[in-house]
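S.K.: Dumping the structure here so I can ask a few things about it.
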Amino acid sequence: MTGITVARRAGAGTIRRAGLGPLGTAAAGVVVVAVVLAVLGPALSPADPNASDFASAYAPPAPGHPLGFDGQGRDLLARLLEGARTSLLGPLLVVALSMAAGTALAIAAAWAGGWLDAAVSAALEVVFAFPGVLLAMLVAAVFGPGLGAAVVALAVAYVPYIARLLRGAALAERGKPYVRALEVQGAGALAICLRHLVPNLLPLIAAQATLFFGYAMVDLAIVSFFGLGVQPPDADWGVMVASGRSGVLQGYPAEALLAGGCVVVLVVAFNVLGERLPGAAGAGGRPWRRTGLRTGRRTGRRGGAA
Amino acid sequence: MASYLVRRLVMLAATLLVSSLVVFAGLSAAPGDPLTTLSGGRSLPPQTVALLVERYHLNEPFLVRYASWLGGAARGDLGVSIQLRQDVSALIAARAGTTLGLIGYAALIVVVAGVAAGLLAALRPGTVDTVVVAATAVVVAVPPFVAAMALIGVFAVGLRWLPALGDGAGLWDGVRHLTLPALALAAAAAAAVARITRTSVREELGREHVQTAVARGIPYAAVVRRHALRNAAVPIGTLTGMTVASMIALAAVVERAFGLSGLGATLVNAALSKDFAVVQGVSLVLVTAFVLVNTLVDVGAALLDPRITLGGRS
């Protein structure tokens, strides 16, 4: 009864997916290293990320400053390390919020069925309309720029995608004999959902959370790039690409490319990892049905189905 | 088919209504009164305040305000920009061309480069395939603002082939100025389309009807064109349409990066300067375009593949 019986649309690949494979392991390694660097950031940092010295603007790498300086003479390595914190914390909050809300909605709809399910499904279809970045801009205009507003906006924009994906799996799980057996034994709906449905859906939830982490990272970086997310003197990879833009035009691309490179490496790692986690089988589906995120970077998963 | 179209049409109307409500509700959700939001915290002379109160029906209940705003929007009246002292619809009309050109150019790159690379990989297993698969795996994860920086650094600053900034004047100069932005916008999408082209063409080539056609001696090029590529058109077309839709929001990124004065850049500037009428107007236009393109993609896929209407919603 407590055995892990995840709903898999495709039976094939169950055994093959048991491990992450070499590429998946490397991706997991990249993520772990990034998290460790972000947590230990201030301890490893060679300098104060906000201390500027205009004499060393765009100065090349020097002893003690392995990556050189940005246009305001701030140490680039220190700023990358400092930026890793907001650049990882933001997506984490987005994913936690949207996964919690999406899972709750999906299970409630699948469990209740009937008109509630129909209403939730119809509402989700309608809410699909808002690209995350656009909603974040609207929210920033209303509540003022900042990471908090952007996080909430993106989480709201992601919920329909997550809820839709999980609803199908929850529906399949609800129809399984063990759920009926628990009901006959007199277990309450909430207890069955929390103790059995959610744990059994966990591999799928984890795989989706990993993929959405990558999307959220890009979307948050875009919002910060606009100047509507993390606010400038603070280091963030999106902010650094924006402030590095003038450096690129003057022939000093280090800041923009290093910060952008960090985003790309981590997004690749999260995509690879999300596709290789045990729950990822549910994400493929028939190619002509949209299963992914419509706002942009969903394409990574689609293309990677091969 | 007819019932499917009707259902899509009803959904389209509902979606547009809800998204316009979200765009409008921002005005009331803002902290402080709507007047402060509309003026962006600027202090205005009393006659302007009276004008705003009258124009936005600020003394009326929410639904009345919404209805009059939506009615105005439907007639092309989206209010006045506080910052630029210009009609929002005139502003949108002046800026939409750049965004349309950018998205059209990028869509062309996505279709041509994406399908060509995917087809090449599908038909040439081995080294070519491996190179395309590896390259697209990386490019697909490069977000437009990073692609923009890399392209500016290499082609505008390093090689000086193309201009980095501005809109350009005239057709040829305009195209030159749009080339790098369009490439930045198209890169990840083209890689994604290449990957799905490769996968679906491979899948179709392995099907029995294609094998039969090959065995009958029909020229291989004709088999690929008529049987494999035509059947692969549904997933390729759907993904292409969806990426074009996503470009409507992402165009803002490259417009900011390349200093183009399109709709997206206008929206970002308005959000930064708290010019709320412009934020509402441009958001409404962009969301409407996004919803329309997505609906067209769905209907187009259903026309190409009748199984979709038969299957209904999943």
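S.K.: For the range B:1-24, name all the residues that are without any contact (Cβ under 8 Å) to a residue 12 or more places away in the chain, under 17 Å from B:VAL64 (Cβ atoms) and surrounded by 15 or more Cβ atoms within 10 Å (Cβ to Cβ).
M.R.: Once the filter is applied, which keeps residues that are without any contact (Cβ under 8 Å) to a residue 12 or more places away in the chain, under 17 Å from B:VAL64 (Cβ atoms) and surrounded by 15 or more Cβ atoms within 10 Å (Cβ to Cβ), the range B:1-24 yields nothing.
S.K.: Kindly indicate whether any position in the range B:173-191 is of a type outside the set (Phe, Trp, Tyr), touching a Ser or Thr at 6+ places or on another chain (Cβ under 6 Å) and outside any loop (DSSP other than H, G, I, E, B).
M.R.: So in the range B:173-191, the residues of a type outside the set (Phe, Trp, Tyr) come out as B:173-191.
If we keep only those that are touching a Ser or Thr at 6+ places or on another chain (Cβ under 6 Å) too, we end up with B:189, B:191.
From the residues that got through so far, the ones that are outside any loop (DSSP other than H, G, I, E, B) too are B:189, B:191.
Yes, that holds for at least one residue.
S.K.: Check A:ALA123, A:ALA104, A:ALA157, A:ALA112 and return the single one that is under 24 Å from B:VAL10 (Cα atoms) and surrounded by fewer than 20 Cβ atoms within 10 Å (Cβ to Cβ). Please lay out each step first, then the result.
M.R.: Numbers: A:ALA104 fails: under 24 Å from B:VAL10 (Cα atoms); A:ALA157 fails: surrounded by fewer than 20 Cβ atoms within 10 Å (Cβ to Cβ); A:ALA112 fails: under 24 Å from B:VAL10 (Cα atoms).
Going through A:ALA123, A:ALA104, A:ALA157, A:ALA112 in turn, the sole match is A:ALA123.
S.K.: Oh, and also: When the residues of the range B:145-165 are narrowed to those that are under 14 Å from A:VAL263 (Cβ atoms) and in contact with a Pro (Cβ under 9 Å, 6 or more places away or on another chain), which ends up farthest from the other protein chains (Cβ to nearest Cβ)?
M.R.: Once the filter is applied, the top-ranked residue is B:ALA148.
S.K.: Return the pair list, or none, for Cβ contacts closer than 7 Å from residues in the range B:280-300 that are closer than 13 Å to A:PRO131 by Cβ to residues that are of a type in the set (Lys, Arg) and crowded, with 18+ Cβ neighbours inside 10 Å, at least 6 apart or on different chains.
M.R.: B:ASN294/A:ARG294
S.K.: Still on this structure, I have one more. Please determine, by comparing only the residues of the range B:42-62 that are within 34 Å of the chain's Cα centre (by Cα) and in a helix (DSSP H, G or I), which one is farthest from B:LEU78 (Cα to Cα). Steps first, answer last, please.
M.R.: Within the range B:42-62, the subset within 34 Å of the chain's Cα centre (by Cα) is B:42, B:52, B:55-58, B:62.
Next, from what is left, pick out any that are in a helix (DSSP H, G or I): B:52, B:55, B:62.
Details: B:LEU52: 13, B:ARG55: 11, B:PHE62: 17 Å.
Applying the filter and picking the extreme gives B:PHE62.
S.K.: Does B:LEU250 meet the test of being in a helix (DSSP H, G or I) and under 25 Å from A:MET137 (Cβ atoms)?
M.R.: Working: in a helix (DSSP H, G or I): yes; under 25 Å from A:MET137 (Cβ atoms): yes.
Yes; evaluated as a whole, the condition is true for this residue.
S.K.: A:GLY113 fails exactly one of the following numbered conditions: (1) modelled with pLDDT of 85 or more; (2) over 17 Å from the mean Cα position of the chain (by Cα); (3) away from every other protein chain (no Cβ under 11 Å). What is the number of that condition?
M.R.: With respect to (1) modelled with pLDDT of 85 or more; (2) over 17 Å from the mean Cα position of the chain (by Cα); (3) away from every other protein chain (no Cβ under 11 Å), A:GLY113 is out only on (1).
S.K.: Then there's this: Working only within the range B:242-260, note down all residues that are modelled with pLDDT under 90 and more than 10 Å from every other protein chain (Cβ to nearest Cβ).
M.R.: Across the range B:242-260, the qualifying residues are B:VAL244, B:LEU260.
S.K.: Could you look through the range A:234-261, keep only residues that are buried (at least 24 other Cβ atoms within 10 Å of the Cβ) and more than 9 Å from every other protein chain (Cβ to nearest Cβ), and pick out the one that is farthest from the chain's Cα centre (by Cα)?
M.R.: This residue is A:GLU255.
S.K.: Among the residues of the range A:285-298, is there at least one that is in a helix (DSSP H, G or I) and either more than 7 Å from every other protein chain (Cβ to nearest Cβ) or at pLDDT below 80 (or both)? Break it down stepwise before answering.
M.R.: Looking only at the range A:285-298, we keep the residues that are in a helix (DSSP H, G or I), and these are none.
Checked against the condition, which is being in a helix (DSSP H, G or I) and either more than 7 Å from every other protein chain (Cβ to nearest Cβ) or at pLDDT below 80 (or both), the range A:285-298 yields no hits at all.
S.K.: In the range B:269-284, which residues are surrounded by fewer than 24 Cβ atoms within 10 Å (Cβ to Cβ) and modelled with pLDDT of 90 or more?
M.R.: The answer is B:LEU284, and nothing else.
S.K.: Going through the range A:75-95 one residue at a time, which ones are free of Cβ contacts under 8 Å to residues at least 60 places away in the same chain and either under 30 Å from A:ALA119 (Cα atoms) or outside any helix (DSSP H, G or I) (or both)?
M.R.: A:ASP75
S.K.: Mind checking whether some residue in the range A:174-185 is buried (at least 22 other Cβ atoms within 10 Å of the Cβ) and in contact (Cβ under 8 Å) with a residue 12 or more places away in the chain? So that I can check it myself, show each step before the final result.
M.R.: Step one: filter the range A:174-185 for residues buried (at least 22 other Cβ atoms within 10 Å of the Cβ), giving none.
No: zero hits.
S.K.: Taking A:VAL139 as the residue in question, decide whether it is touching a Ser or Thr at 6+ places or on another chain (Cβ under 9 Å), within 13 Å of chain B (Cβ to nearest Cβ) and crowded, with 20+ Cβ neighbours inside 10 Å. Give the steps one after another, and end with the answer.
M.R.: Working: touching a Ser or Thr at 6+ places or on another chain (Cβ under 9 Å): no; within 13 Å of chain B (Cβ to nearest Cβ): yes; crowded, with 20+ Cβ neighbours inside 10 Å: yes.
Answer is no for this residue.
S.K.: Check whether at least one residue in the range B:118-129 is among the hydrophobic types (A, V, I, L, M, F, W, C) and either within 8 Å of another protein chain (Cβ to nearest Cβ) or under 24 Å from A:CYS262 (Cβ atoms) (or both), and report yes or no. Working first, answer last.
M.R.: We begin by selecting, within the range B:118-129, every residue among the hydrophobic types (A, V, I, L, M, F, W, C); these are B:119-123, B:128.
When the remaining residues are screened for being either within 8 Å of another protein chain (Cβ to nearest Cβ) or under 24 Å from A:CYS262 (Cβ atoms) (or both), the result is none.
No; the residues of the range B:118-129 include none that is among the hydrophobic types (A, V, I, L, M, F, W, C) and either within 8 Å of another protein chain (Cβ to nearest Cβ) or under 24 Å from A:CYS262 (Cβ atoms) (or both).
S.K.: Let me ask something else. Restricting attention to the range B:25-39, which residues are surrounded by fewer than 17 Cβ atoms within 10 Å (Cβ to Cβ) and farther than 30 Å from B:VAL293 by Cα?
M.R.: B:PRO31, B:GLY32, B:ASP33, B:LEU35, B:THR36
S.K.: Let me ask something else. Name the single residue, out of those in the range B:192-229 being in a helix (DSSP H, G or I) and charged (D, E, K, R), that is nearest to B:THR240 (Cα to Cα).
M.R.: So the first thing to find is which residues in the range B:192-229 are in a helix (DSSP H, G or I), and the list is B:192-205, B:208-215, B:220-229.
From what's left, charged (D, E, K, R): B:195, B:198, B:202-204, B:208, B:225-226.
Details: B:ARG195: 12, B:ARG198: 14, B:ARG202: 18, B:GLU203: 19, B:GLU204: 19, B:GLU208: 27, B:ARG225: 19, B:ARG226: 20 Å.
Ranking the qualifying residues of the range B:192-229, first place goes to B:ARG195.
S.K.: Can you work out which of the residues in the range A:205-228 that are small (Gly, Ala, Ser) and either closer than 13 Å to A:VAL94 by Cα or away from chain B (no Cβ under 14 Å) (or both) is surrounded by the fewest Cβ atoms within 10 Å (Cβ to Cβ)?
M.R.: First, the residues of the range A:205-228 that are small (Gly, Ala, Ser): A:206-207, A:209, A:214, A:216, A:221, A:224, A:227.
Imposing the further condition that a residue be either closer than 13 Å to A:VAL94 by Cα or away from chain B (no Cβ under 14 Å) (or both) reduces the set to A:206-207, A:209, A:214, A:216, A:221.
On the way: A:ALA206: 17, A:ALA207: 23, A:ALA209: 23, A:GLY214: 25, A:ALA216: 29, A:ALA221: 33.
The qualifying residue surrounded by the fewest Cβ atoms within 10 Å (Cβ to Cβ) is A:ALA206.
The values are calculated or read from the model by the stated rules, or taken from the named source; none is laboratory data. Bear in mind that the values here come from a model prediction, so they are computed numbers and not experimental data. All Cβ positions, even for glycine, are placed from backbone atoms using ideal geometry, and neighbour counts span all protein chains on display.
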